[in-house]
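What follows is a single structure, written as structure tokens, with notes after it.
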Amino acid sequence: MFNYYIYRFGKFLAQSLPLRGAYFLASLFGQIFYLLAWRDRRFVKANLRVILPGSSQAQLRKISRKVFRNFAKYLADFFRLEEIDRQFIDKNIKLENLHYFDQALARKQGVIVLTAHLGNWELGGVVMARLGYPIWAVALPHKNKKVNDFFDAQRSRQGIKVVAMGKAVRSCITEIRNNHMVALVGDRDFTEKGMVVDFFGKPTHFAEGPAALSLMTGAPIVPGFMLRNPDNSFTLRIEKPIEFTPSGNKAKDLEDLVGIYRDIFQEYIRKYPEQWYVFRRFWLDSDSAGVRGKR
């Protein structure tokens, strides 16, 4: 319940200030959290050490601070989603390769929009909805119902239809068959039961849901990322639809397709490590990693 009031207060502050002021306050809170949240700080540094091997301790501290600041700005943006309109998009967001979405929708097989916990995925979904794309988003429910309702209402008011992760499969299939777009964040497996893959050279559980859904329905996977620029504007960058021809061997097809978007995630996270928001232990210990799907 306490978290719910924190989020409500954060929304009040973010909406009461001009954007520059909201970012300044968010950056300040981000730095305070960096100093106080020793556990999260330790995990972020440990993850960065894997992503950026050879980096000095000073470099890791600098990037870690940016992670906390950028995540605080991400929350400020989330609290201000009501302000996103076409004028805001034209002024603050560079759109790259939207034609890939149009090409994928033209196939009439639905589209799986795949992104990571990178940049501002929530803003990306709202921008797509504002531009008229029929988008549904799969979201991990919060444990507290009030917090969950707060986040879902914030998304729904902006035109994004939300599907709870635990009930996602049937709803996703229905929307894909209606030639809608289903957005998934695919760089974390919250069940910790997914496929084990090598990610930046170390084993971790990886979400296989996007690949399984694509193989099941025939819907193309289109990766996309909403990236923060140094001046706090954004670039929504869409990648080419993943072209994949199933072999008929379900296990191999699943592994190969996961491997393709795993490589895309690696490329983006390596390029924008200060915008990857994972505040927990991400990789498995070598002695606890399984062999299923390991690449």
Scanning region 224-246 for residues that are closer than 17 Å to Gln266 by Cβ and in contact with a Ser or Thr (Cβ under 7 Å, 6 or more places away or on another chain) gives Gly224, Phe225, Leu227
Within region 104-164, which strands (runs of 3 or more DSSP E) (wholly inside it) include 3 or more residues that are over 19 Å from Leu75 (Cα atoms) and of a type outside the set (A, V, I, L, M)? none
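Under the condition of being part of a loop (DSSP other than H, G, I, E, B) and in contact with an Asp or Glu (Cβ under 8 Å, 6 or more places away or on another chain), which residue from region 167-213 is surrounded by the most Cβ atoms within 10 Å (Cβ to Cβ)? Full working, then the answer.
Step one: list which residues in region 167-213 are part of a loop (DSSP other than H, G, I, E, B), which gives 178-180, 186-194, 200-201, 207-208.
Right, trim to in contact with an Asp or Glu (Cβ under 8 Å, 6 or more places away or on another chain) and you get 189, 194, 207-208.
Values: Asp189: 17, Gly194: 19, Ala207: 22, Glu208: 20.
Looking at the filtered set, the residue picked out is Ala207.
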Cβ-Cβ under 6 Å, sequence separation 6+ or interchain: first residue in region 130-148 and among the small types (Gly, Ala, Ser), partner surrounded by 14 or more Cβ atoms within 10 Å (Cβ to Cβ). Which pairs? Ala137/Gly125; Ala137/Ile160; Ala137/Val162; Ala137/Ala183; Ala139/Val162
Looking only at region 254-288, count how many residues are part of a loop (DSSP other than H, G, I, E, B) and touching an Asp or Glu at 6+ places or on another chain (Cβ under 6 Å). 1
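Filter region 213-241 down to the residues that are among the β-branched types (Val, Ile, Thr) and under 18 Å from the mean Cα position of the chain (by Cα), then identify the one that is nearest to Asp77 (Cα to Cα). Can you show your working first?
Taking region 213-241 as the starting set, the residues that turn out to be among the β-branched types (Val, Ile, Thr) are 217, 221-222, 235, 238.
From what's left, under 18 Å from the mean Cα position of the chain (by Cα): 221-222, 235, 238.
Numbers: Ile221: 26, Val222: 24, Thr235: 14, Ile238: 20 Å.
Going through the qualifying residues, I end up with Thr235.
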Only one residue in Gln59, Gln15 is farther than 30 Å from Val127 by Cβ, part of a helix (DSSP H, G or I) and over 22 Å from the mean Cα position of the chain (by Cα). Which one? Gln59
Taking the stated definitions as given, is Gly30 small (Gly, Ala, Ser) and at pLDDT 95 or above? yes
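The values are calculated or read from the model by the stated rules, or taken from the named source; none is laboratory data. Bear in mind that the values here come from a model prediction, so they are computed numbers and not experimental data. All Cβ positions, even for glycine, are placed from backbone atoms using ideal geometry, and neighbour counts span all protein chains on display.
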